Amino acid sequence: MNAKHDTPHREEQQGKADPLAQTHEVFNQARALEDYNAYDNDTALREAVRRHGAGWAEGTLSAHGARTGSAEVIEWGFLANEHKPQFFSHDRQGYRVDYVKYHEAYHRLMTLGLESGIHSAPWADPKPGAHVARAAQSYLQGQVEAGHGCPLTMTFASAPSIKLTPSLAKEWLPKILNNAYDPRNVPHTEKQALTIGMGMTEKQGGSDVRANTTRAYPIAAEGSGEAYELVGHKWFTSAPMCDAFLVLAQTDNGLSCFLVPRWRPDGSKNPIQVQRLKNKMGNVSNASSEIELRGALGWMVGEEGRGVPAIIEMVAMTRFDCMVGSTSGQRQAVAQAVNHAMGRAAFGKTLIDQPLMRNVLADLQLEVEGSLAITMRMGEALDNTTLDPSNEHETLLLRLGLPAGKYWICKRTPFHAYEAMECLGGNGVTEDFIMARLYREAPINAIWEGSGNVQALDMLRALAKTPAVLDVWFAELAKTTGSDPRLDKAVTSLKREFADMDEAEYRARDIVDRLSLTMQASQLVAAGNSAVADAFIASRLGEHGDRNYGTLPRGLDLGEILRRANPWESS
Ligand SMILES: Cc1cc2nc3c(=O)[nH]c(=O)nc-3n(C[C@H](O)[C@H](O)[C@H](O)COP(=O)(O)OP(=O)(O)OC[C@H]3O[C@@H](n4cnc5c(N)ncnc54)[C@H](O)[C@@H]3O)c2cc1C
């Protein structure tokens, strides 16, 4: 147990052993939010899991929720962040090693995530609800610690890209989908379980990967599955101890995608040199590196010159995980805020009973409800398209839903985290509580894997290339037509927006906001909790308009919303 988070014996703490040292009694502090079941006590999550076809996973999810809510696992999250990864370019004898050393707590979190199949389950055992169950598991895991979620996500997301080249898939996928963690710094050929990272971003261009200058030269034969040597650099490559990376590099025929192992199959070190680790403001348990590729071996994934379509398979999944991850951060923030408000009194009343605090907390919970609703609907769409790739409705729903959902949820999270932090008052600012870490994590997902504007522009690209995506979006919204006139009005007004596409780029954020909000509201109506749906629509689509958190209009059923927010209540 880390001394910083260790609770001293109460008698000792209050100085009863020595009356002269007894300066004061500690009271009116909320109990620590630990040793609770993060799944059983999350009504919104449980309902979403059942609604979207993953009811069969509840036993596993409940067990996972008990683990992620345990004091032990929560402590791993703190330790993995207090002890940042350390980079060693050389070993003690002077050999180049490019080694990143993590704290044991990070390895434990990785073990928990990988043994739970967060990186593999829907690919290893595709069935109705598999993506939803896996998203729920990731949502629970992310509440403890977000940084290690990066390699879990990248490993999960790599599978669809690697499948594009059967020879690589045959060799690599069984080991990628193995539910085990092997952090040894040895060639992939000597391991049974592998993790995968990605290298797209370069100094001169991140969003615009066409500006990449890294080159790939064929060693002998050219084309899919063949070996190349890569020369260049990557400005952001997270989790550099992964066993291999999907990397974009130019060939004579354009940008192509490569699987670049950290070691060559002959046991020699593949020349990927880490220059340094990024000194990040958040996500610090996750090492992000700058690398140089000095003739690094890599095998082409997908077709030559089709690197973007190849890696976009991976990017689509990481964007989904940004939705899951940011929603998970929102849930943990609300759980902490409600826990504090239940255990703290001010001006004669427990905070949870102060009308203005109830307004703030319920509004924060509504944000979680909306985020979870659209995320799990997209999870169901992933299940439907994994099981039936010809399912056009679900494919087109994802095409808009992933950029829109990623944009909206990730953008809402920093302010949400800040507001939840403020519910804890000064405690929220100290590193002893998780709030400060949640706040520092909050902007990361919005920037990673396509920043806000890039998502909004991707939504426009989808509209231009496949106009049917809009018909599908409105068909999905039509499932709840007539349920609430305010929602109907918002949908009608949104439809009008598309009649005139002048200055569409300039308006893209406004459009994507409204696509997301109406879909969230519609999903909440469909979910059937009228207190939640009514309050969400009243505060976000009604006359009232969306302002700061804590400005909910009167006449809403806050008791029901706060009951759902309570991390101690299983209902
Ligand atoms: C914690 C973390 C981990 C990361 N890990 C990885 C990794 O493992 N692998 C990897 O490849 N990358 C990684 N990245 C990099 C990340 O994906 C990029 O930073 C991101 O894609 C943005 O690219 P950029 O930094 O070059 O910014 P730019 O592309 O320069 O964008 C700057 C700003 O301009 C906006 N913008 C861009 N184009 C337009 C336009 N046409 N119109 C309007 N606005 C526009 C963007 O939205 C953004 O706000 C990581 C980043 C972070 C923060």
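The values are calculated or read from the model by the stated rules, or taken from the named source; none is laboratory data. Treat the numbers as computed from the prediction; the structure is a model and nothing was measured. Don't worry about glycine lacking a Cβ; one is built from the backbone with ideal geometry, like all the others, and counts go over all protein chains shown.
State whether one or more residues within the stretch 511-518 are among the hydroxyl-bearing types (Ser, Thr, Tyr) and either within 16 Å of the ligand (Cβ to nearest atom) or surrounded by fewer than 19 Cβ atoms within 10 Å (Cβ to Cβ) (or both).
Checking the stretch 511-518: not a single residue is among the hydroxyl-bearing types (Ser, Thr, Tyr) and either within 16 Å of the ligand (Cβ to nearest atom) or surrounded by fewer than 19 Cβ atoms within 10 Å (Cβ to Cβ) (or both).
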Only one of Gly450, Gly405, Gly370, Gly401 that is part of a loop (DSSP other than H, G, I, E, B) and under 20 Å from the mean Cα position of the chain (by Cα): Gly450
Subset of the stretch 211-224 [assigned to a loop (DSSP other than H, G, I, E, B) and either surrounded by fewer than 18 Cβ atoms within 10 Å (Cβ to Cβ) or in contact with a Cys (Cβ under 9 Å, 6 or more places away or on another chain) (or both)]: Thr213, Ile219, Ala220, Ala221, Glu222, Gly223
Scope the stretch 469-485; condition among the β-branched types (Val, Ile, Thr) and either farther than 25 Å from Ser326 by Cβ or without any contact (Cβ under 8 Å) to a residue 60 or more places away in the chain (or both); matching residues: Thr480, Thr481
Neighbours by Cβ (under 6 Å, 6+ apart or cross-chain): first from the stretch 227-243, over 20 Å from Arg264 (Cβ atoms); second of a type in the set (Ser, Thr, Tyr): Trp235/Thr201; Phe236/Thr201; Phe236/Ser288; Ser238/Ser288
Qualifying residue in the stretch 161-176 (condition: closer than 18 Å to Val260 by Cα, within 15 Å of the chain's Cα centre (by Cα) and of a type outside the set (Ser, Thr, Tyr)): no
Filtered residue count, the stretch 435-447, keeping only those that are surrounded by fewer than 22 Cβ atoms within 10 Å (Cβ to Cβ) and either modelled with pLDDT under 95 or not in a helix (DSSP H, G or I) (or both): 1
Some residue of the stretch 236-250 being closer than 23 Å to Val454 by Cα and among the charged types (D, E, K, R): no
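For residues in the stretch 141-176 being hydrophobic (A, V, I, L, M, F, W, C) and more than 19 Å from Gly298 (Cβ to Cβ), which is surrounded by the most Cβ atoms within 10 Å (Cβ to Cβ)?
Phe156
Among the candidates Glu290, Glu229, single out the residue that is in contact with a Lys or Arg (Cβ under 7 Å, 6 or more places away or on another chain) and acidic (Asp, Glu).
Details: Glu229 fails: in contact with a Lys or Arg (Cβ under 7 Å, 6 or more places away or on another chain).
Just one listed residue meets the conditions, Glu290.
Please go through the stretch 408-433 and pick out each residue that is hydrophobic (A, V, I, L, M, F, W, C) and either within 16 Å of the ligand (Cβ to nearest atom) or under 17 Å from the mean Cα position of the chain (by Cα) (or both).
Taking the stretch 408-433 as the starting set, the residues that turn out to be hydrophobic (A, V, I, L, M, F, W, C) are 408-410, 415, 417, 420-421, 423-424, 429, 433.
Trp408, Ile409, Cys410, Phe415, Ala417 - these are the residues of the stretch 408-433 that are hydrophobic (A, V, I, L, M, F, W, C) and either within 16 Å of the ligand (Cβ to nearest atom) or under 17 Å from the mean Cα position of the chain (by Cα) (or both).
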Qualifying positions in the stretch 122-162 - more than 16 Å from the ligand (Cβ to nearest atom), in contact (Cβ under 8 Å) with a residue 40 or more places away in the chain and not in a helix (DSSP H, G or I): Pro126, Lys127, Pro128, Gly129
Selected residue (criterion: nearest to the chain's Cα centre (by Cα)) from residues of the stretch 230-263 that are within 30 Å of Ala80 (Cα to Cα) and either charged (D, E, K, R) or part of a loop (DSSP other than H, G, I, E, B) (or both): Ala239
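Which one of Glu422, Glu380, Glu392 is surrounded by fewer than 23 Cβ atoms within 10 Å (Cβ to Cβ) and within 22 Å of Leu562 (Cβ to Cβ)? Before the answer, list the steps.
On the way: Glu380 fails: within 22 Å of Leu562 (Cβ to Cβ); Glu392 fails: within 22 Å of Leu562 (Cβ to Cβ).
Residue meeting the stated conditions: Glu422.
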Single condition Trp473 does not satisfy, out of (1) more than 30 Å from Pro355 (Cβ to Cβ); (2) within 16 Å of the ligand (Cβ to nearest atom); (3) among the aromatic types (Phe, Trp, Tyr): (2)
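Of all residues in the stretch 347-360, which are part of a helix (DSSP H, G or I) and either in contact with a helix residue (DSSP H, G or I) (Cβ under 6 Å, 6 or more places away or on another chain) or of a type in the set (Gly, Ala, Ser) (or both)? Give the derivation first.
Just the residues of the stretch 347-360 that are part of a helix (DSSP H, G or I), to begin with: 351-353, 355-360.
Within the stretch 347-360, Leu351, Ile352, Met357, Arg358 qualify.
Quick check on the stretch 263-273. Is at least one of its residues within 12 Å of the ligand (Cβ to nearest atom) and in contact (Cβ under 8 Å) with a residue 12 or more places away in the chain? Spell out the reasoning first.
Of all residues in the stretch 263-273, those within 12 Å of the ligand (Cβ to nearest atom) come to none.
Within the stretch 263-273, not a single residue is within 12 Å of the ligand (Cβ to nearest atom) and in contact (Cβ under 8 Å) with a residue 12 or more places away in the chain.
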Pairs where the first residue, in the stretch 281-304, is of a type in the set (Lys, Arg) and the second is more than 10 Å from the ligand (Cβ to nearest atom), C-beta under 8 Å, 6+ apart: Arg294/Val231; Arg294/Pro271; Arg294/Ile272; Arg294/Gln273
Selection count where residues are surrounded by 22 or more Cβ atoms within 10 Å (Cβ to Cβ) and part of a strand (DSSP E or B), scope the stretch 188-203: 4
Subset of the stretch 469-499 [more than 17 Å from Ala526 (Cα to Cα) and among the β-branched types (Val, Ile, Thr)]: Val469, Thr492
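Looking only at residues in the stretch 185-206 that are within 13 Å of the ligand (Cβ to nearest atom) and more than 17 Å from Cys257 (Cβ to Cβ), which one is farthest from the chain's Cα centre (by Cα)? I'd like the intermediate steps shown before the answer.
The initial filter retains those residues of the stretch 185-206 that are within 13 Å of the ligand (Cβ to nearest atom), namely 195-206.
Add one more test, that the residue is more than 17 Å from Cys257 (Cβ to Cβ), and what stays is 195, 203-204.
Working: Thr195: 17, Lys203: 24, Gln204: 26 Å.
Selected residue: Gln204.
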Tabulated pairs, the stretch 439-468, first under 23 Å from Glu419 (Cα atoms), second among the small types (Gly, Ala, Ser) and within 6 Å of the ligand (Cβ to nearest atom), C-beta under 9 angstrom, 6+ apart or interchain: Ala446/Gly452; Trp448/Ser238; Ser451/Gly206; Ser451/Ser207
